[in-house]
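All remarks here apply to the structure that follows.
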Amino acid sequence: MKKVFVVPNRYVDSVALMGVAEKLAARDDVQGAESGMGTPANIELLESLGYPVPAGAGRYDLMIAVDAMDDAAVEAARAAALDALDNSGGAHRRVYRDLKDLPSGAFDLAQVSLPGEYAAAEVKKALRLGMDVFVFSDNVPLGEERAMKELGRELGRLVMGPDAGVGLIGGVALAAGSIVGPGGVGIVAASCSGAQEVACLLERLGAGVSEIIGTGGRDLLPEIGGITMRMALERMNRDARTRVICLVSKLADAGVMDSVLTDADRLEKPVVAVFLGGGDNLFAGHRAHGAASLQEAAEISYRLLTGETKPLGWPEQAFDTLTAKLLARVAPQRKAFRGLYCGGTFTEEALLLFRATNPQVPLTSNLNTRYARRLASHLQSEGNAILDLGAEDFTAEAPHPVFDPSLRLKRLQKELDDPEVAVVLLDFITGPGVSPNPILPFVPVIREHPEVVFITAICGAKGDPQDIAAARDALIEAGAVVADSNYQSARLAAALMAGLHGRHPHE
């Protein structure tokens with residue numbers, strides 16, 4: 001039986017809700033479970049799954065949906081869900097009803113996960129109490145973001161976000177961040193998955209990270225002026241643990257990027273910068289070491305830190321041999337590529353690489369980008385398609401795929417039903433704040449389709465709870481190629497696309 005419980009006026013962020021739904025679904029007497037706020041999209045999703053949603057549920061009401069054996073099992077699941085939410089901190093949990101009730105000086109960091117319209121007021125309270133603030137909330141008006149960050153600058157406190165998805169402060173991974181070991185590189189990023197990729201690649205190279213400060217994706221807009229990124233640069237320049245600073249962002253406003261690089265020119269410590277899509281002209285006249293990819297940013301940072309050069313990826317001869325071997329596996333009628341990404345920055349990096357190396361190959365995407373033709377509908381791929389499943393057109397219908405892989409699994413099955421699909425690329429992101437099992441559910445699907453070339457890359461650290469070493473082995477055993485980085489996976493996919501296009505040059 002299916003039932004939906006509504007808890008009025010109780011807001012819980014999406015990360016916590018995904019964990020609750022997974023715990024309920026794992027119960028022996030539960031066939032299915034969902035949890036979410038009462039937004040129109042979530043209500044529509046529950047109703048499409050056959051759940052009867054009570055009338056009047058609103059966007060600030062918590063919904064717990066349970067499909068269980070009988071009334072007793074449904075009630076037990078409801079009680080378990082509320083207990084999980086009420087006691088998520090375990091023995092260390094303390095409840096404060098208002099920030100003003102906190103003991104003076106007891107905390108130096110606040111994480112805000114509220115609806116966007118309420119976030120700014122709490123952020124300003126935390127700043128005035130002497131705390132840096134990590135703002136997970138999205139949909140904060142741009143003017144409010146500017147006001148929060150100006151207040152933070154006045155008080156000497158950082159405002160990370162809004163829509164900050166990755167952070168590592170004092171050795172604690174925030175939001176979707178990985179548990180990367182300590183080291184001498186400090187990362188300041190307007191890109192969530194980009195920051196995590198650089199950090200995890202540094203660990204793979206043998207280095208570590210002092211801190212990851214996420215600025216929020218809009219920090220480099222002219223309306224904000226890079227306030228957080230510029231403050232974070234100064235902070236890391238003073239930090240004794242940080243010996244190299246790495247800036248990470250998608251391409252942003254030219255004037256703001258130039259101001260950030262000008263600030264970096266005055267620092268004592270070396271600075272590496274990757275602004276995806278920015279050319280050499282962006283760095284002309286500046287001291288920062290420019291990188292064209294996330295992998296290159298990690299490699300340069302490692303070299304500046306250690307004095308050693310240690311590249312990632314396949315040597316050229318091995319890369320060419322692997323490309324030829326994989327192409328030989330593909331049947332003549334198969335000619336299409338599908339990239340199903342979780343990370344928005346990974347999608348951007350792949351689009352840049354594909355367009356630069358294969359300008360002759362038609363490419364489509366759900367994104368509004370100059371690098372590909374936009375799909376008529378994000379629900380239906382066409383030809384060679386690169387999809388960002390974390391984009392709003394997908395997440396308006398379901399949770400972000402880093403928190404719930406089921407949407408991407410369904411889309412993968414749909415792509416594999418297309419007899420022209422030859423190559424599928426998947427990125428995986430691990431960490432304590434994302435899905436506890438983001439990789440292994442894909443392994444049986446990969447094993448069942450040996451006719452398709454699967455290229456994968458894992459953005460994760462050794463300390464993450466998902467055991468990335470075991471997951472990597474499982475992917476390889478199933479027949480997938482596992483690349484060292486997102487750049488390497490995109491590079492291999494681009495080479496295969498070129499080869500397939502050579503077979504069908506007029507299509």
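The values are calculated or read from the model by the stated rules, or taken from the named source; none is laboratory data. Worth saying up front: this structure is predicted, and the values here are computed from it rather than measured. We place every Cβ from the backbone using ideal geometry, glycine too, and count neighbours over all the protein chains shown.
Quick check, is residue 338 in contact with an Asp or Glu (Cβ under 6 Å, 6 or more places away or on another chain), of a type in the set (D, E, K, R) and in contact (Cβ under 8 Å) with a residue 60 or more places away in the chain? In short, yes. Which of the residues spanning the range 129-151 are of a type in the set (Asp, Glu) and either crowded, with 24+ Cβ neighbours inside 10 Å or closer than 22 Å to residue 60 by Cα (or both)? Listed by number, the residues that qualify are 138, 144, 145. The condition (being among the charged types (D, E, K, R) and within 30 Å of residue 469 (Cβ to Cβ)) is satisfied by just one residue among 223, 203, 234: 203. Taking the condition farther than 23 Å from residue 322 by Cα and either free of Cβ contacts under 8 Å to residues at least 12 places away in the same chain or not assigned by TED's automatic domain parsing to the domain that holds residue 333 (or both), does residue 417 pass? Here the answer is yes, as residue 417 does meet what is asked. The set of residues in the range 493-507 being out of contact with any Gly (no Cβ under 9 Å at 6 or more places or on another chain) and within 24 Å of residue 200 (Cα to Cα) consists of 494 alone.
Return yes when residue 157 is in contact with an Asp or Glu (Cβ under 8 Å, 6 or more places away or on another chain), more than 29 Å from residue 465 (Cβ to Cβ), among the basic types (Lys, Arg) and surrounded by 19 or more Cβ atoms within 10 Å (Cβ to Cβ) and no when it is not. In short, yes. So, residue 6, is that one outside any helix (DSSP H, G or I) and farther than 30 Å from residue 465 by Cβ or not? Judged against the criteria, residue 6 is a match. Filtering 49, 45 for residues that are loosely packed, with under 15 Cβ neighbours inside 10 Å and either in contact with a strand residue (DSSP E or B) (Cβ under 9 Å, 6 or more places away or on another chain) or not basic (Lys, Arg) (or both) leaves a single hit, 49. Here the strands (runs of 3 or more DSSP E) wholly within the range 16-117 that include at least 2 residues being assigned by TED's automatic domain parsing to the domain that holds residue 144 are 109-112.
The combined condition, being charged (D, E, K, R) and out of contact with any Gly (no Cβ under 8 Å at 6 or more places or on another chain), is not fulfilled by residue 447. Of everything in the range 238-254, what is at pLDDT 95 or above and part of a helix (DSSP H, G or I)? Give them in sequence order. Once the filter is applied, which keeps residues that are at pLDDT 95 or above and part of a helix (DSSP H, G or I), the range 238-254 yields only 238. Across the range 447-476, the number of residues qualifying as within 19 Å of residue 412 (Cα to Cα) and touching a helix residue (DSSP H, G or I) at 6+ places or on another chain (Cβ under 9 Å) comes to 15. Against the list (1) at pLDDT below 95; (2) closer than 19 Å to residue 196 by Cα; (3) outside the structural domain of residue 427 (by TED's automatic domain parsing), the condition residue 291 fails is (1). If only residues of the range 161-212 that are hydroxyl-bearing (Ser, Thr, Tyr) and buried (at least 24 other Cβ atoms within 10 Å of the Cβ) are counted, the one that is farthest from residue 228 (Cα to Cα) is 178. In this structure, is residue 126 under 30 Å from residue 143 (Cβ atoms), in contact (Cβ under 8 Å) with a residue 24 or more places away in the chain and surrounded by 13 or more Cβ atoms within 10 Å (Cβ to Cβ)? Yes.
Yes/no matrix, rows are residues, columns are (1) surrounded by fewer than 20 Cβ atoms within 10 Å (Cβ to Cβ); (2) in contact with a His (Cβ under 9 Å, 6 or more places away or on another chain); (3) more than 22 Å from residue 438 (Cα to Cα); (4) of a type in the set (S, T, N, Q):
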site	(1), (2), (3), (4)
1	yes, no, yes, no
6	yes, no, yes, no
9	yes, no, yes, yes
20	no, no, no, no
23	yes, no, no, no
32	yes, no, no, no
36	no, no, no, no
40	yes, no, yes, no
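Residue 28 meets all of the listed conditions (1) surrounded by fewer than 13 Cβ atoms within 10 Å (Cβ to Cβ); (2) of a type in the set (Asp, Glu); (3) within 15 Å of residue 83 (Cα to Cα) but one, namely (3). When restricted to residues that are in contact with a Phe, Trp or Tyr (Cβ under 9 Å, 6 or more places away or on another chain) and closer than 17 Å to residue 350 by Cα, the range 368-390 contains 10. Only one of the numbered conditions (1) in contact (Cβ under 8 Å) with a residue 12 or more places away in the chain; (2) of a type in the set (A, V, I, L, M); (3) closer than 26 Å to residue 319 by Cα is not met by residue 470, and that is (1). Taken as a whole, the condition of being closer than 27 Å to residue 199 by Cα and in a loop (DSSP other than H, G, I, E, B) applies to residue 157. Among 362, 438, 432, 399, which is over 23 Å from the mean Cα position of the chain (by Cα) and in the same structural domain as residue 466 (by TED's automatic domain parsing)? Among 362, 438, 432, 399, only 362 is over 23 Å from the mean Cα position of the chain (by Cα) and in the same structural domain as residue 466 (by TED's automatic domain parsing). Scanning the range 271-322 for residues that are within 27 Å of the chain's Cα centre (by Cα) and part of a loop (DSSP other than H, G, I, E, B) turns up 277, 278, 279, 288, 291, 292, 293, 310, 311, 312, 313, 314. Taking the range 441-475 as the range and being within 18 Å of residue 343 (Cα to Cα) and aliphatic (A, V, I, L, M) as the test, the residues that pass are 455, 457, 458, 461, 468.
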